[in-house]
Protein chains: 2
Amino acid sequence: MYQAMTALGVAAESPYTGPIRLDGDPRGASVLILGAGLAGLVAALELKRAGYRVQVLEYNDRAGGRCWTVRGGDRITELGGETQDCRFDEGHYINPGPWRIPYHHHAVLDYCKRLGVTLEPFVQVNHNALVHGRTAFGGRPQRYRTVMSDYQGGIAELLAKATRQNRLDGMVSREDAEILLESLRSWGALNRDLTYAKSVLTSDRRGFERDPGGGLTARPVPSDPVALKDVLSSRLWSYLATGAIYEFQTTMFQPVGGMDMIARAFAREVGDLIRYNAKVTAIRQDASGVTATVADARGGGQPEQVRADWCLCTIPLAVLAQMELNVSAKMQAAIEAVPYSASVKVGLQFKRRFWEQDEHIYGGISYTDLPIRMISYPSTGYGAAGKGVLLGAYAFGPYAYEFTALPAAERVRRAVEWGATLHPQYREEFESGVSVGWHRVPGNLGCHGMWTDARREEHYDALCALDGRILLAGEHASYIPAWQEGAILSSLDAIGRLHRRVVNA
Amino acid sequence: MYQAMTALGVAAESPYTGPIRLDGDPRGASVLILGAGLAGLVAALELKRAGYRVQVLEYNDRAGGRCWTVRGGDRITELGGETQDCRFDEGHYINPGPWRIPYHHHAVLDYCKRLGVTLEPFVQVNHNALVHGRTAFGGRPQRYRTVMSDYQGGIAELLAKATRQNRLDGMVSREDAEILLESLRSWGALNRDLTYAKSVLTSDRRGFERDPGGGLTARPVPSDPVALKDVLSSRLWSYLATGAIYEFQTTMFQPVGGMDMIARAFAREVGDLIRYNAKVTAIRQDASGVTATVADARGGGQPEQVRADWCLCTIPLAVLAQMELNVSAKMQAAIEAVPYSASVKVGLQFKRRFWEQDEHIYGGISYTDLPIRMISYPSTGYGAAGKGVLLGAYAFGPYAYEFTALPAAERVRRAVEWGATLHPQYREEFESGVSVGWHRVPGNLGCHGMWTDARREEHYDALCALDGRILLAGEHASYIPAWQEGAILSSLDAIGRLHRRVVNA
């Protein structure tokens, strides 16, 4: 089959080529896995199957790590001790961590399949969602479809006119110029005279002033395009690339019921190997094995020592860097070299799904330059009566710090206030909210590892190499940071190398 | 709420403003509805609620008309008498008629909500689906994402260079030119030097030669962009506008289980008013009412007369034009003026969902210039084991005539043969297929009414006007031909006018 596909030139080489095969007898070798996030869970599942003795230590009282879903009744505790109790109604949730799965994240998709996790489409681009800038169009939100159509129509017209006026001579051959014009007309919705102008043609992209109807008085009324110069100065074009990015292309997925359905599915398989509320304070290796010092994360009791032949450590680097650990200077430098991004998400419950009922926005994301950065509408339960929970903020960097410097209630209050700029219904319909700032989550201290080309050059291989009896894995040990696929592929690569070392010893 | 929305400039005026209100007493008036497609069903439901005595005559043995789903065990009979027995497995289907619902088809969506029809997203654009031209790239299918990225990157580079070389002087101000360059860089994935070149940046649009991975040997390998001139000459750019068209924008929907879930939901409400297998051969009005002559569509028995005060006729014009009917010359001319499009769909069942398993195409549409025109993958059951049914052809005009000139088995054979050009797995995995050519379906004789501006100018109002006691409705009496929304809005407009006439009489 693969041969047939390459013959067609349509196969991309994926680093995931199907379930890992760990052939050969580990002869009773034991592995201590630190962290029951996706990297740890994958390792536990596969190493157990391969015949290893496996123990997993997890700081939280649940499996999944950042693969996490917050529902009504859940309590969130931050650095500093402030707690939030989620008061969402039954059936509603937010995913504070990963919330979408690209079609080319083959490892995640394959584990979902093998573990029976049902998927549904996640809508990234919604042409009817809003794009908003504080100083754009007097602060009035625009529909994504109008900005997209007017930007593309505007540049198509510009390029077509330049071509027609022979301004591109020497850049485009005469023959190509003819096809270029034809393509711009089709792609940009240009009229015969190569203008992007008010018409049914352009309204069939940007939407109508009055939609076509049926019977008498059904004639559509075209809408007025916005001139390219106004689209340009609005800067709302900056949101148009999002759906074209490889990771956000169609068809994306989410697990039905929340992202932690993946964590729960793994926990069904390897939950008996996991010790929860286990806070690792030190990791020491010697010639024959690795010993972790473990305290009860809830406090009380005496620290214990847990020992195994090998250790796969998936603890986020921001946490690991503060831990007692005897690895090579190179690995220690790598652990300390990767900063973690700050990020915050706010989930808001409303009395009704007004975004669908009033504004016909079904799933997808609205963008804004307000500190909330975006509003994402649920890609499930379309058209349902009753309440709804949306993602009311998802911000990185300075915005995230600013948000989470505030008490939790105040973050929610501000997310509602800012969101009301896009949806005035917020004020009437808001019920309750929760926020998660990853740099304030004790077991993580950040959203994901931030690599630069220079950092990779200097530290990446040292971070991933087997260091004595210790091996690291997680999204931070991958070229797909922040994504579950990165965590899984990192883990598979690590245990593959560990296994070869063990069976070839 | 509407006020708040217009204040934000985000509300488009829709011709559908919620459930129709037919206030006032029809005082026992009766309406004969011809055709139990969506126009007829909506009229039956609303007129019954308003207190009318309603009878519906339907040619087929089921409600829905073109809102139809073909499943295993169904028999399709064409003009000429050839029959096909669908042999799809349980749970699989094709929708020969409408198969998707745009987010702005408010009337369809509202009836789905009111009647409890569950919807799921219909994927129109799939960046990982194929685009194929017989002479493009040696006939090798390309991924939608590579053509999209390379076209957009190519024109962005061209426009950026022309701007930078001052070739656009007089067309774009110096200030706008700076923002234009910035926007083209972001939107087109251009490097700092304004080129669209092989890099992680462009691969993060078009896809990688080797995707990024985790652990060691995880470094991504960028792919080679195709030069703009080669994209242009391939003509594959012609498929790029599809997802930008108002009717195909995100988020589209389909009913879970097949489009006829809508027809079935209506039939639960008004099925007792419908007489099935009722072939109308003549419609005559006089001063006090309308009489239809009705025969049993299965043959046998004597024709009967059915009479009512008013008649709402939703029979497709291609059929109605051949019927005895006493309406004004203007309406008769309108009925005869609108040709119907030929179209064909072919549904194919395969032993497995190879498009997902081998090629990672989840839902969406591949396009080709072969007579099948497209292949659409099911937007449901993603990742399921077992069999799968896809839409193996959807062609209009000459291609449709060509297809349906052949015996049914031969159409399926050719759809498989052509489809194998895009998916060689067809040959191994194919099991069974069915085809529907709308111009050969006895109750329709075409896919939909084809209007031109000139035809509308001359005939549209006469077609929609109340003519004595006869009123027409259906997608053909709307500005949204071929779409269910057109049928419903046409029907609501018609019965609103009829009702005012009755209560004001």
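Among A:G474, A:G468, which is the only one that is touching a residue at least 40 places away in the same chain (Cβ under 8 Å), over 18 Å from A:V346 (Cβ atoms) and within 11 Å of another protein chain (Cβ to nearest Cβ)?
A:G474
Output yes when any residue across segment B:309-317 is more than 23 Å from the chain's Cα centre (by Cα), more than 14 Å from chain A (Cβ to nearest Cβ) and free of Cβ contacts under 8 Å to residues at least 12 places away in the same chain, and no when none is.
Quick first cut of segment B:309-317, residues more than 23 Å from the chain's Cα centre (by Cα) only: B:309-312.
Subset that is more than 14 Å from chain A (Cβ to nearest Cβ): B:309-311.
This time we only want the ones that are free of Cβ contacts under 8 Å to residues at least 12 places away in the same chain, so: none.
Within segment B:309-317, not a single residue is more than 23 Å from the chain's Cα centre (by Cα), more than 14 Å from chain A (Cβ to nearest Cβ) and free of Cβ contacts under 8 Å to residues at least 12 places away in the same chain.
I'm told A:D89 meets every condition in (1) within 22 Å of the chain's Cα centre (by Cα); (2) in the same structural domain as A:G381 (by TED's automatic domain parsing) except one. Can you identify the failing condition by its number?
It fails just one condition, (1).
Can you name the number of the only condition in (1) at pLDDT below 95; (2) over 27 Å from A:V280 (Cα atoms) that A:G81 fails?
(2)
Which members of segment A:180-218 meet the condition of being at the interface with chain B (Cβ under 7 Å from one of its Cβ atoms), more than 36 Å from the chain's Cα centre (by Cα) and surrounded by fewer than 21 Cβ atoms within 10 Å (Cβ to Cβ)?
A:R210, A:L216
Given segment B:264-372, what helices (runs of 4 or more DSSP H) lie entirely inside it while holding 1 or more residues that are closer than 30 Å to B:H423 by Cα?
Output list reads B:354-357.
Residue check: is B:E58 in contact (Cβ under 8 Å) with a residue 12 or more places away in the chain, of a type in the set (D, E), surrounded by 22 or more Cβ atoms within 10 Å (Cβ to Cβ) and more than 30 Å from B:A385 (Cα to Cα)?
In short, yes.
Looking at segment A:172-195, I want the residues that are free of Cβ contacts under 8 Å to residues at least 24 places away in the same chain and have a partner that is not in a helix (DSSP H, G or I) with Cβ atoms under 6 Å, at least 6 apart or on another chain. Which pairs are those?
Note: pairs meeting the criteria are A:S186/B:A241; A:N191/A:A197.
Which of the residues belonging to segment B:58-74 are assigned to a loop (DSSP other than H, G, I, E, B), in contact with a helix residue (DSSP H, G or I) (Cβ under 6 Å, 6 or more places away or on another chain) and not aromatic (F, W, Y)?
Selection gives B:A63, B:C67, B:T69.
Any idea which of B:A409, B:A477, B:A462, B:A473 is farther than 24 Å from B:A129 by Cα and loosely packed, with under 15 Cβ neighbours inside 10 Å?
B:A409
Hey, among the residues in segment A:233-263 that are over 17 Å from the mean Cα position of the chain (by Cα) and not in a helix (DSSP H, G or I), which one's farthest from the other protein chains (Cβ to nearest Cβ)?
So, considering only residues that are over 17 Å from the mean Cα position of the chain (by Cα) and not in a helix (DSSP H, G or I), the one farthest from the other protein chains (Cβ to nearest Cβ) is A:R235.
Filter segment A:447-480 down to residues that are over 14 Å from A:A337 (Cβ atoms), within 19 Å of the chain's Cα centre (by Cα) and not in a helix (DSSP H, G or I), then give me how many there are.
7
The values are calculated or read from the model by the stated rules, or taken from the named source; none is laboratory data. It should be emphasised that the depicted structure is a prediction, and the values quoted were computed from it without experimental measurement. All Cβ positions, even for glycine, are placed from backbone atoms using ideal geometry, and neighbour counts span all protein chains on display.
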